[in-house]
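The values are calculated or read from the model by the stated rules, or taken from the named source; none is laboratory data. What you see is a predicted model, and the numbers here were worked out from it, not measured in a lab. Every residue, glycine among them, receives a Cβ derived from its backbone with ideal geometry; neighbour counts consider all protein chains shown.
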Amino acid sequence: MRISTQAANQAALSDLMRAQREAYDAREQLASGKKAPDLKGYANSAETIIAARAAQARSESFVGANERVLNRLEVQDLAYQELTTAATDLRTALTTNDGSFMMDKVQEVFDRASAALNMRFNGSFLFGGRRTDAVPFTANSIADLQAAVPDVSATFQNAADRQTTKIEETITIDLNSTASEVGTELMASIERIADFNAGPNGPFDGQITDAQQTFLETELANIINAFDTINTAMAENGARQKQIEGSITGHEKRSDYLQIMVADIEDADMAEAATRFQQAQTAVQVSAQTFSRLSQISLLNYL
């Protein structure tokens, strides 16, 4: 009688290879923490993973960009504080009876407001509108204001349009008012005071006269309007800061959610993988022993 072990050997070898493969897969999951080494291993879920990763990347990009915008808005707030302080100081100066003191204060206000209007952030002018590479307010002195033709508006060289930025996929906001929007009224008031000082009822160099007092009382209303314009712009800047902070929080939450969603699809159950690895190792040992015994079977053992 002829005894054949070929079929048994093939079956044992197949069991051994399958056990080795299962042990390898379980070991890879334990090492990487992932269910599969690449997207092919996730079958129909691969498309969901790709879409979720892309959305997460966009959210993280918005977080980074919005944090930079928020830093800019904080610098803008400092500029607005300088402008409101300058306007307040000018209003206070016009209530004094000392003309010389008042004109010294007017010069100080001009210098302070000029610096604020030309403030920069990362090399770009804050109040330049879409034109961020050119000085928005060009007057270097009060005399430049007086010489401007047709009026002080000629000293503002900012773009007419405000600079904008996208904070959400469908939301775009203005970054800031322009120099001409917030500074024209204040500089026009300074120019009128300088012109009056140089006119027939000037100069302001001692006790304020009745004619000078009448002019200053009228000009006070203009300065209050200038202050209100600046204050409104500062409030808008504060509202933008709140909006940006909310946007950052929203994008961070969205990114976290997408990360969890992808992890639920990709991440392996480590306890389960460890159990499968142990079971697969045992199966490899048993299969190897079975294959070894079958390989040693010979007809001579039965003769």
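A compact table of results
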quantity	calculated
Subset tally (residues that are at pLDDT below 85 and among the polar types (S, T, N, Q)) for region 42-59	3
Test: residue in region 141-159 that is within 25 Å of residue 245 (Cα to Cα) and crowded, with 18+ Cβ neighbours inside 10 Å	no
Single match in 171, 167 (criterion: loosely packed, with under 14 Cβ neighbours inside 10 Å, at negative phi and touching a helix residue (DSSP H, G or I) at 6+ places or on another chain (Cβ under 8 Å))	171
Count of residues meeting criterion [closer than 16 Å to residue 113 by Cβ, more than 27 Å from the chain's Cα centre (by Cα) and not aliphatic (A, V, I, L, M)] in region 71-99	5
Selection count, region 106-140, where residues are surrounded by 14 or more Cβ atoms within 10 Å (Cβ to Cβ), acidic (Asp, Glu) and not in a helix (DSSP H, G or I)	0
Tally, over region 189-221, of residues that are free of Cβ contacts under 8 Å to residues at least 40 places away in the same chain and either in contact with a His (Cβ under 7 Å, 6 or more places away or on another chain) or buried (at least 17 other Cβ atoms within 10 Å of the Cβ) (or both)	4
Any hit, region 235-253, residues being at pLDDT below 95 and either outside the structural domain of residue 144 (by TED's automatic domain parsing) or buried (at least 17 other Cβ atoms within 10 Å of the Cβ) (or both)	yes
Residue among 165, 132, 172 that is farther than 30 Å from residue 216 by Cβ, in contact with a Gly (Cβ under 9 Å, 6 or more places away or on another chain) and not acidic (Asp, Glu)	132
